[in-house]
Amino acid sequence: MGRASVKENKGIYQLVRENLKLTREGASQVLNGISPERIEKIENERAQIIPWEVLEMSRGYKAPHLCNQYCAKECPIGQTYVPEIEVKDLTRIVMEMLSSLNSVEKRKERLIEIAADDMISGDEIKDFVAIQEELERISLTVETLQLWSEQMLADGTIDRVEYEKHKRK
């Protein structure tokens, strides 16, 4: 049996593994193709994790948020284009979505006025940016809902077969 780590600033990959009460050897058994030595190097930042390893850890640890964390914080392209998603409960996600949708609904007429001439003039920029930011909040909330769904599927809280059956329609 492996010994417990006393490292102070543990990274997300180590924290997730330890929360599952897995040793590196045990983790290697649920992570196809990732050896205990490789896990140790990744966790101690002596080797950079590569995308397929993140996918495998996400699957093996049943932790889909690892993919978002990698893309938002470690991938050079993702750092520019992928927002970090905070894991939230369904009620909070729905309430944030409804709030943002209501806000956009109130600004819909202004967006039509701005877009009517296919240009954004100086006096329209402030309103356009505010609407754009609200739409970005909606997009982030949709991504949060997707991550929540993926976690519930990974946990078995949502029946994957039934979900996939309806998702294909």
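Can you go through Leu145, Leu153, Leu135 and tell me which one is hydrophobic (A, V, I, L, M, F, W, C), within 13 Å of the chain's Cα centre (by Cα) and assigned to a helix (DSSP H, G or I)? Walk me through it before giving the result.
Values: Leu153 fails: within 13 Å of the chain's Cα centre (by Cα); Leu135 fails: within 13 Å of the chain's Cα centre (by Cα).
Exactly one residue qualifies, and that residue is Leu145.
Within the stretch 44-70, how many residues turn out to be within 20 Å of the chain's Cα centre (by Cα) and of a type in the set (Asp, Glu)? Give the derivation first.
Of the stretch 44-70, the ones within 20 Å of the chain's Cα centre (by Cα) are 48-70.
Add one more test, that the residue is of a type in the set (Asp, Glu), and what stays is 53, 56.
Of the residues in the stretch 44-70, 2 are within 20 Å of the chain's Cα centre (by Cα) and of a type in the set (Asp, Glu).
Residues that are within 19 Å of Ile12 (Cβ to Cβ) and of a type in the set (S, T, N, Q) occur in the stretch 69-80; there is at least one. Looking at Gly156, is it surrounded by fewer than 16 Cβ atoms within 10 Å (Cβ to Cβ), on the phi > 0 side of the Ramachandran plot and small (Gly, Ala, Ser)? Considered against the rule, which asks whether it is surrounded by fewer than 16 Cβ atoms within 10 Å (Cβ to Cβ), on the phi > 0 side of the Ramachandran plot and small (Gly, Ala, Ser), Gly156 comes out as yes.
For the residues Ser149, Ser100, the requirement of being at pLDDT below 95 and of a type outside the set (D, E, K, R) singles out Ser100.
Where helices (runs of 4 or more DSSP H) fall entirely within the stretch 1-120, none has at least 1 residues that are more than 22 Å from Leu135 (Cα to Cα), open to solvent by 80 Å² or more (accessible area, probe 1.4 Å) and small (Gly, Ala, Ser). Could you please let me know if Glu124 is farther than 23 Å from Cys67 by Cβ, free of Cβ contacts under 8 Å to residues at least 60 places away in the same chain and in contact with a helix residue (DSSP H, G or I) (Cβ under 9 Å, 6 or more places away or on another chain)? When the stated conditions are applied, Glu124 passes them. Look at the stretch 18-43: where a residue is without any contact (Cβ under 8 Å) to a residue 40 or more places away in the chain and a partner is of a type in the set (Lys, Arg) and open to solvent by less than 40 Å² (accessible area, probe 1.4 Å), sitting 6+ places away or on another chain with Cβ atoms under 7 Å, you get Ala27/Arg17.
Tell me, yes or no, whether the stretch 58-74 has at least one residue that is free of Cβ contacts under 8 Å to residues at least 40 places away in the same chain, farther than 19 Å from Trp148 by Cα and among the polar types (S, T, N, Q). No, the stretch 58-74 contains no residue that is free of Cβ contacts under 8 Å to residues at least 40 places away in the same chain, farther than 19 Å from Trp148 by Cα and among the polar types (S, T, N, Q).
The values are calculated or read from the model by the stated rules, or taken from the named source; none is laboratory data. Since we're looking at a predicted model, the values are computed, not measured. Heads up, the Cβs are rebuilt from the backbone with ideal geometry, glycines too, and the neighbour counts pull from every protein chain shown. We work out accessible area using only protein heavy atoms, side chains counted, and drop any ligands, DNA or RNA first. Shrake-Rupley method; radii C 1.70, N 1.55, O 1.52, S 1.80 Å.
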